[in-house]
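No value in this document is a laboratory result; all are computed from the given coordinates. Because the structure is a prediction, the values reported are computed rather than measured. Positions of Cβ are generated from backbone atoms using ideal geometry, with glycine treated the same way; all protein chains shown enter the neighbour counts.
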Amino acid sequence: MPSERIMLQNKALKRLMDSRDVNVVWSVTDKQREQQLLPIRIPIYKGLIGWRLLLIRDDMPARFQYVQKLEHLIKLIPVQGRDWPDTKVLQANGFNVTADNSYGNLFNLLRRAQGDFFPRSVVEIWDEIDNPAYNADLMVEKEIAIRYPEAMYFFVNKKSRPLANLLEQGLEKAIADGSFEELFMRTFQDKLNRAKMSSRHVFELENSFLPSVTPLERKELWYQFDDLASGSEK
C-alpha cells in the first residue's frame with residue numbers, strides 16, 4: 001500500500017536502502033542508484049521523463065526565439081533539484097545549473113530570475129503549469145524541447161529479489177497483453193497532444209550516467225514521436 005507520508009526523493013531512497021518502512025520507490029535511474037538498489041528495468045514512463053519542455057517566466061518568450069543552436073541554450077541557466085540525476089546530466093552537457101533542495105522553491109528561483117528556465121518532462125509540466133500553487137508569472141515555452149535518454153524505474157532493496165521478480169513479471173505480462181500501452185496512452189495522451197512536439201526544435205543531450213544495461217534496444221519500451229521538427233540537433 002502507498003506510504004501515508006510524502007517523502008523527499010532522497011529520503012525515500014535512503015529508507016529503501018535501509019529497509020525501513022519503504023518496499024518500492026519509482027525514480028529516475030543512474031549508475032549510482034543501480035549500484036545501491038535493485039532496478040526493474042522497464043521504463044514506466046517509456047522514456048518520456050527525458051523529453052523536457054521549458055518552464056519560463058511569462059516575460060521571457062522573446063529571449064528564447066533567438067535560441068537556434070545548443071550553444072545558445074547552454075548560455076542560459078536552468079534550475080533543477082539538487083539531488084536529481086537530471087542535474088548531473090545538464091552539468092555534463094555544459095549547463096551552469098542553479099540547484100535547490102526544495103521542489104517548491106525551484107519555481108521561486110525562476111520567478112526571481114535566479115535561473116532562466118526549468119526543464120520539466122512532458123508528463124510533469126502540464127500539471128505544474130495548471131497548478132495555481134506553482135504557475136504564477138510562469139508559462140511553457142512553445143518552440144524548444146530538450147531530449148536525452150532517461151528511464152524511470154521501480155526500485156526495490158538489493159535483498160528483495162522475489163519482489164523484483166514479481167514486479168518484472170507483472171509489467172512484462174501487461175506489456176505483452178497490451179494493457180500497459182492502453183493505460184499509458186489513456187494517462188498521457190492529452191499531455192502529449194499539448195506538447196505539440198512536431199513544431200518544436202529538439203536539442204539532443206548525452207546522458208553518460210545512464211547504465212550500459214539500459215534496454216534501449218527494446219523499442220516497445222520507449223515512446224516514439226513520429227513527426228519531430230526537422231531542426232533537431234545534438
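Brief remarks follow.
- Given R0 = 25 Å, the distance between the Cβ atoms of MET185 and ASN131 translates into a calculated FRET efficiency of 0.60.
- Extension gain, ASN193 back to LYS14 (0.36 nm per residue minus Cα-Cα distance, nm): 60.8 nm
- Relative contact order (%) - criterion: Cα under 8 Å, at least six apart; region: the chain: 31
- Helix-only arithmetic for the chain: the sum of -39500 (n - 2.57) across DSSP H runs with n ≥ 4, divided by the residue total, places the mean residue ellipticity at 222 nm at -9500 deg cm²/dmol.
- Among the listed pairs LYS46/LYS191; LYS191/LYS219; LYS75/LYS191; LYS173/LYS219, those with a Cα-Cα distance over 19 Å are LYS191/LYS219; LYS75/LYS191.
- FRET efficiency, LYS75 to SER208 (Cβ-Cβ, R0 22 Å, nearest 0.05): 0.50
- Cα gyration tensor category, rounded, prolate or oblate, for the chain with a/c compared to 1.5: prolate
- Within segment 192-223, the GluC sites (Glu not before Pro) that combine a DSSP coil assignment with at most 11 other C-beta atoms in a 10 angstrom radius are GLU217.
- Highest-first arrangement of 19-26, 153-160, where packing means the average Cβ count within 10 Å: 153-160, 19-26
- Measuring r between the beta carbons of ILE175 and ASN23 and using R0 = 22 Å, the FRET efficiency lands at 0.45.
- A straight line joining the Cα centroids of segment 50-91 and segment 132-208 runs 19 Å.
- Charged neighbours of ASN96, selected by a Cβ distance under 14 Å, balance to 0 (K, R count +1; D, E count -1).
- Share antiparallel - DSSP beta bridges, the chain, percent rounded to 5: 65
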